[in-house]
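Everything on this sheet refers to the single structure shown next.
The values are calculated or read from the model by the stated rules, or taken from the named source; none is laboratory data. No experiment lies behind these values; they were computed from the predicted model shown. Note that each Cβ is placed from the backbone with ideal geometry, even for glycine, and that neighbours are counted across all protein chains shown. Side chains are part of the model used for accessible areas, which takes the heavy atoms of the whole protein and leaves out ligands, DNA and RNA. Shrake-Rupley method; radii C 1.70, N 1.55, O 1.52, S 1.80 Å.
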Amino acid sequence: MASAHTTAVAPEGGYQFYVTEDPHHHDDGEHHHETGTMLGFWIYLMSDCLIFGILFAVYAVLGQSYAAGPSPADLFELDKIALSTAFLLISSITYGFAVINMHQDKQKTMVNWLLITGLFGLGFLVMEVLEFQHLWHLGAGPGASAFLSSFWFLVGTHGLHVTCGAIWLVILLVQVKMHGLTHENKRRIMCLSLFWHFLDLIWIGVFSFVYLTGVLL
Amino acid sequence: MSAEHHDAASSYRTYMVGFVLSVILTVIPFAVVMSGATSNLNVALAIIFGLGAIQILVHIYYFLHVTFSAEDGWQAMSLMITVVFLAIILSGSIWVMLHLHENMMPAHEQIERVKNLP
């Protein structure tokens with residue numbers, strides 16, 4: 001008797017380790033459910049925006065403390081930054097074209113646009129890795145000065161986000177290939193769309209504030 | 001999000017308008033800095049930050065499709081509260097830390113004066 005009271009009793013049907021679909025999902029149409037997910041993802045993006053805001057603030061405070069080390073004008077190569085900016089901007093519009101084709105249920109065209117988006121995203125990442133390698137070999141690693149610590153942290157965090165977005169894109173392509181353009185897959189593609197455009201938006205801040213301003217000062 | 005209500009042609013047009021505006025707004029600051037067109041630092045900074053801010057608005061409107069009607073206005077509302085937070089974080093940190101620099105770092109002549117005290 002006593003042991004039955006003290007031990008936890010599993011609910012009927014056992015525990016469920018996944019979130020079930022919204023119960024009124026089918027009653028009042030799919031739109032309500034979709035709206036909740038998109039708004040939740042949007043709020044995640046806003047919190048991510050605050051992370052980047054703090055990193056920008058750190059860079060603003062520390063960005064001129066060179067500790068007798070190299071300054072932005074010595075390190076940054078603007079022609080390469082312009083190229084990676086172009087890659088990211090083009091990947092943004094190709095993702096937009098993919099979303100348009102998704103709404104028309106043209107799966108094949110959408111997949112092609114997503115592949116192009118992935119290639120441009122990859123090009124951006126390759127440019128960034130090459131730049132970081134170059135800086136590392138110059139001895140301008142994150143430990144060289146406060147300016148370089150904040151620079152690596154800010155630009156590295158953005159690069160990490162783009163990497164995650166690219167991995168997400170590959171996973172979504174596999175999902176679309178396996179299950180087709182289902183309702184769930186469309187919702188996921190719309191979430192990644194917001195994420196991808198948001199990263200391009202953050203990059204505007206990075207190239208304006210870190211690279212262009214850094215070379216001028 | 002609101003894109004699904006548009007027909008495809010106008011969606012393409014929306015994205016292309018945003019893209020062309022973004023390209024223009026990106027090329028101008030890069031050209032100004034790389035060509036060294038202006039020797040006036042403040043003018044160059046104003047161009048970079050002014051066009052950067054406009055480009056962020058272009059992205060929000062044409063790519064992220066934020067409108068006041070989407071999600072009953074919650075999307076635009078959360079965006080605005082984020083902008084307020086960002087303004088407080090950025091301006092506050094910069095303001096406080098610059099004052100710290102001013103007040104905590106003794107200038108060279110002050111150090112010399114203290115050294116030469118009898």
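Of the listed residues A:R187, B:R113, the order by accessible area with a 1.4 Å probe, largest first, is B:R113, A:R187. Around the Cα centre of the protein assembly as shown, unit charges on the Cβ atoms of Lys, Arg, Asp and Glu (plus for the first two, minus for the last two) sum to a dipole of about 740 debye. Per residue, the protein assembly as shown exposes 54 Å² of accessible surface when a 1.4 Å probe is rolled over the protein heavy atoms with every protein chain present.
Across segment A:61-158, Cα pairs under 8 Å and at least six residues apart give a relative contact order of 40 percent. Would you tell me the accessible area of B:I88, worked out with a 1.4 angstrom probe on the heavy atoms of the protein chains, in Å² to the nearest 10? Its heavy atoms expose roughly 110 Å² to the probe. Counting only other chain Cβ atoms within 10 Å of each residue's Cβ, the peptide A:98-110 averages 3. Among complete DSSP H helices in chain B, those whose alpha-carbon atoms stretch at least 18 Å along the helix's long axis and whose mean Kyte-Doolittle hydropathy reaches -1.0 are B:8-35, B:41-58, B:74-104. The string of couplings for segment A:148-154 from the Karplus curve (6.51, -1.76, 1.60, θ = phi - 60°) is 6, 4, 5, 5, 4, 5, 5 Hz, one whole number per residue in order, with x for Gly and Pro.
With an a/c value of 1.5 or above and a/b not larger than b/c for the gyration tensor axes a ≥ b ≥ c computed over the alpha-carbon atoms, chain B is described as oblate.
For a test of the definition: using alpha carbon positions, the gyration tensor, and the 1.5 limit on a/c, classify segment A:34-150 as rounded, prolate or oblate. Please list the in-between numbers first.
Details: a/c = 3.70, a/b = 1.73, b/c = 2.14.
Cα axes put segment A:34-150 in the oblate bin.
Taking the Cα centre of segment A:38-216 as origin and assigning +1 to Lys and Arg Cβ atoms and -1 to Asp and Glu Cβ atoms, the resulting dipole is close to 640 debye.
Chain B against chain A buries an accessible area of about 4000 Å², both chains summed, 1.4 Å probe radius. From its DSSP helices (H runs of at least four residues, each -39,500 (n - 2.57)), the protein assembly as shown gives a residue-normalised ellipticity at 222 nm of -25000 deg cm²/dmol. Think of the protein assembly as shown as having a plus end and a minus end, set by charges on the Cβ of Lys, Arg, Asp and Glu; of A:A166, A:A144, A:F120, A:A144 sits farthest toward the positive end of this dipole. Placing B:H59, B:H101 in order of accessible area, with the largest value first and a 1.4 Å probe, yields B:H101, B:H59. Sorted largest first by accessible area at a 1.4 angstrom probe radius, with every protein chain in place, the residues B:I89, B:I48 fall in the order B:I89, B:I48. Counting pairs of alpha carbon atoms under 8 Å apart in space and at least six apart in sequence, what relative contact order in percent does chain B give? Worked out over chain B, it gives 24 percent. Please state the shape class of segment B:7-74: rounded when a/c is under 1.5, otherwise prolate if a/b exceeds b/c and oblate if not, all from the C-alpha gyration tensor. Note, shape of segment B:7-74 comes out oblate.
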